[in-house]
Amino acid sequence: MASPQAENGHIDIANTIADKLCSYRLSGQEWQIIWVILRKTWGWLKDPKNKYGDKKKMDRIALSQFEQLTGIDRRKCHTLLKKLTDKKVIKRCVTQKGDRIVITYGFQKNYDLWKLSPKKVTVTQKGVKPVTQKGTHKRYIKDNKDILAYISTDIISFSQDFIDYTKTEKGSLAPNGKNLLKNSADTIDKIIRLDDFSFEYIGVVIKWAVKDDFWSNNILSLHGLRKKSGNGLTKFQNIANGYEKSKIMVIPKNNRLNQNKEACKSFVEGAGDER
């Protein structure tokens, strides 16, 4: 018979937060993800020896931990985390430590920032939806459930910006088609989700590529970035390789040169453990 005791560990949640959560609707799997984050932060002492000490606000939680604790496939966990981040229910912090990117998660207790539908709202309006971007303008993208169901607005906006850029810079050479945005956003999502490249890194590499003498004429669409080349790497990996080499070339010949070469080789050629 289960006999849980608060003295063996507990999570403190303010009643105002509980009341607010009662009035909003989340999916069952989204709740599972939230509880993992709460358990690993508000339910975890910074100093285990001091049971009255402070608890964590943010924690590095691997996808494998989410999968183990929820029973949800890690790729689905990745999608759920992005949804909850977009809704501002959880916080996601990305920091660079050397050659590694560390991602930490925490619960957003400022419920005024949450972007959730009230419990009574059960009908999704069809038609044209505005996607708010940084700045003062809005771009209208047709409601496409295949895109918006699992891909973040950041990826959609990035993909649309690239399409607009190629149309302006390349004219008739720029590809088009009704599924161009969908396919482009889906490719970027897979590079993040399956190939383990961060959204921030992809943006840096693509911005470099469109200005590079070689790649500027060989990257007209984001859709083909995961296609394998003759050397066994994807097109994006080859572009990233070129970007990393361009950084190495400007570094003086010292011990950092070999370190960066090894880091580049490991980062680019070894990226991704799921295909």
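Values in this text are rule-based calculations from the coordinates and carry no lab data. Note that this is a predicted model, so its numbers are computed, not measured. We place every Cβ from the backbone using ideal geometry, glycine too, and count neighbours over all the protein chains shown.
Points to keep in mind about this one:
- Simple Cβ-charge dipole of the range 1-104, Lys/Arg +1 and Asp/Glu -1, about Cα centre, in debye nearest 20: 400 debye
- Counted charge near ALA18, where neighbours are those whose Cβ lies closer than 14 Å (Asp, Glu -1; Lys, Arg +1): 0
- Descending principal axes extents, the range 10-119, alpha-carbon based, whole Å: 42, 36, 26
- Computing FRET efficiency as 1/(1 + (r/R0)^6) for ALA18 and LEU45, where r is the C-beta to C-beta distance and R0 is 25 Å, gives about 0.70.
- Neighbours of ASN217 by Cβ distance under 13 Å: Lys/Arg scored +1, Asp/Glu scored -1, total -1.
- Neighbour-count order for CYS93, CYS77, fewest beta carbons within 10 angstrom listed first: CYS93, CYS77
- Counting neighbouring Cβ atoms within 10 Å and putting the fewest first, the residues MET58, MET1 line up as MET1, MET58.
- Computed log10 I(q)/I(0) for the range 1-64 at 0.13, 0.16, 0.20, 0.23 Å⁻¹: -0.45, -0.68, -0.98, -1.14, from the Debye equation with unit scatterers placed on every C-alpha and solvent omitted.
- Residues LYS207 and TRP114, FRET efficiency given R0 of 22 Å [Cβ-Cβ distance, rounded to 0.05]: 0.10
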